[in-house]
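Below you'll find the structure, written out as structure tokens, and then a few comments.
The values are calculated or read from the model by the stated rules, or taken from the named source; none is laboratory data. Just so it is clear, the model here is predicted, and its values are computed rather than measured. Every residue, glycine among them, receives a Cβ derived from its backbone with ideal geometry; neighbour counts consider all protein chains shown. All accessible areas refer to the heavy atoms of the entire protein, side chains included, with ligands and DNA or RNA removed. Shrake-Rupley method; radii C 1.70, N 1.55, O 1.52, S 1.80 Å.
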Amino acid sequence: MSDDTDPEKEEEPPPEDKPLFWLGSSRDDLSAFPLEVKRVMGFALRQAQQGGKHIHAKPLKGFKGAGVLEVVADHATNTYRGVYTVRFRGAVYVLHAFQKKSKSGIKTPKPDLDQVERRLKLAKEHYESWSQSEGEEGGGGSDPK
């Protein structure tokens with residue numbers, strides 16, 4: 001019988017998850033969603049932390065490129081959206097989580113887009129500060145406000 005273990009061939013450890021940062025009320029807002037929706041959103045965020053992309057994640061219209069993503073989940077007769085960004089190397093920022101109440105079809109309401117824009121600017125500011133201190137101290141996710 002042969003031994004399949006090769007001491008010269010070590011398995012590489014899985015890459016560390018990127019830290020997850022919650023902006024504004026996004027954590028509390030997402031926590032208020034129905035359980036099934038929270039599971040979908042949570043799984044999507046976990047995949048982003050691991051460098052992947054959820055099957056239902058798509059670029060949010062109005063933001064250049066694929067760095068700002070939204071996950072849409074339906075429950076009963078309601079639609080819920082979670083918006084996050086992977087624009088910043090080494091971190092994932094949850095920008096907004098909301099129940100879509102607009103009567104304007106599938107289009108994201110302007111106040112929600114404005115909220116995402118404001119929080120994206122906050123994420124950029126936080127990331128610049130965090131990434132500088134990360135090299136000095138190490139660190140993990142937190143809740144920048």
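Table for the structure above
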quantity	calculated
For the range 47-127: rounded, prolate or oblate by the Cα gyration tensor [a/c cutoff 1.5]	oblate
Over 23 Å (Cα to Cα) - which of K58/K107; K18/K53; K18/K101; K58/K101; K18/K100; K38/K64 fall in this group	K18/K101; K18/K100; K38/K64
Percent of C-alpha pairs per 5 Å bin, the range 26-72, short to long	5, 21, 27, 25, 17, 5, 0
Full-stretch length increase - Q47, S129 - with 0.36 nm per residue and alpha-carbon distance subtracted	27.1 nm
Peptides 40-50, 57-67 ordered by average Cβ neighbours within 10 Å, highest first	40-50, 57-67
Carbon + sulfur, % of accessible area of the range 14-72 - ligands and nucleic acids excluded, 1.4 Å	55 percent
Accessible area expressed per residue, the range 38-81, with surrounding protein chains retained (probe 1.4 Å, Å²)	59 Å²
Ordering of 73-81, 119-127 by burial proxy (mean other Cβ atoms within 10 Å per residue, highest first)	119-127, 73-81
